[in-house]
Amino acid sequence: MSYEHEPISPMFRIDVSAESESSQSSNNERVLFELLRQLVAGQQQQTRLLQELLQQSQAANKQRAAELQQWKNANPELARSCRQAAETLSRVQTQFLDSLTEEIADSEEHLIEGEYMLNEFVDRFGPRLAHLNGVLQVLAQLGGGEPTQNSNG
C-alpha cells in the first residue's frame with residue numbers, strides 16, 4: 001500500500017504583512033460600527049415603546065380621574081360623607097395599628113420562636129388589617145379632593 005502525500009490546506013492562515021493589519025483593523029471597525037448602530041436603533045425603539053406605554057397609562061389615568069370627578073359632581077353629599085368616613089376610619093386604623101404594634105412588642109419572643117403563635121397573630125390581625133385598608137382606600141378615593149368642613153357636618 002502506498003501513501004501519496006496530498007497537500008494539506010491550512011485550517012487558518014496568519015498574514016503578518018502590513019496590508020493585512022490595516023484590512024483587519026478596518027474590518028473590525030466596520031463590525032464595531034454596525035454593532036453600535038444596532039444598539040442605538042434598539043435603544044431608540046425601546047424609547048419609542050416606553051413613550052407609547054406612558055401615553056396609554058396617562059390616558060387611562062385621565063379617564064379614571066374624569067369618571068371619578070363626574071361621580072363626585074353627581075353625588076356631592078355622598079362624596080363629602082365618604083371623605084368624613086375616611087377621616088374617621090383613618091383614626092380607627094391608627095388606633096388599630098397602635099394596638100397591633102403593642103401586641104408585636106409584647107409577644108416578640110413567642111412570634112419569633114413559634115410558628116403557631118405567628119400563624120395565630122396573622123389570623124387575628126391580617127384579614128382585619130387588609131379589609132380595613134381596602135375600605136379606607138375606597139372611601140379616601142371617593143371622598144378625595146376638598147377636605148371636609150367640620151362646621152358643615
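Net charge within 15 Å of L129 by Cβ-Cβ distance, Lys/Arg positive one each and Asp/Glu negative one each, not counting L129 itself?
Charge balance in the 15 Å sphere: -3.
Would you mind calculating the relative contact order of region 78-153 from Cα pairs under 8 angstrom and at least 6 residues apart, reporting the percent as a whole number?
63 percent
Find the all-direction average of the projected area of the Cα convex hull for region 21-74, expressing the result in square nanometres with one decimal place. Kindly include the intermediate steps, with their values, before the conclusion.
Details: hull surface 13.2 nm².
Averaged projected area of region 21-74's Cα convex hull equals 3.3 nm².
How far apart, in nanometres, would the label points at A66 and V138 be if each is projected 7 angstrom from Cα along the Cα-to-Cβ direction?
Simple spin-label model gives 2.6 nm for this pair.
If a paramagnetic tag sat 7 Å from the Cα of L54 along the Cα-Cβ line, which residues of region 23-40 would have the backbone N under 20 Å from that point?
40
Return the whole-Å distance between the Cα centroid of region 110-132 and the Cα centroid of region 93-108.
Their Cα centres are 11 Å away from one another.
Please give the per residue volume of the convex hull enclosing the alpha carbon atoms of region 78-153, rounded to a whole number of Å³. Can you show the working numbers first?
Values: hull volume 6.5 nm³, N = 76.
Roughly 86 Å³ of hull volume per residue.
Bear in mind that the values in this text are calculations on the coordinates, not laboratory data. Model, not experiment: these values are computed from the prediction. For neighbour counting, all protein chains shown are included, and Cβ atoms are generated from backbone atoms with ideal geometry for every residue, glycine included.
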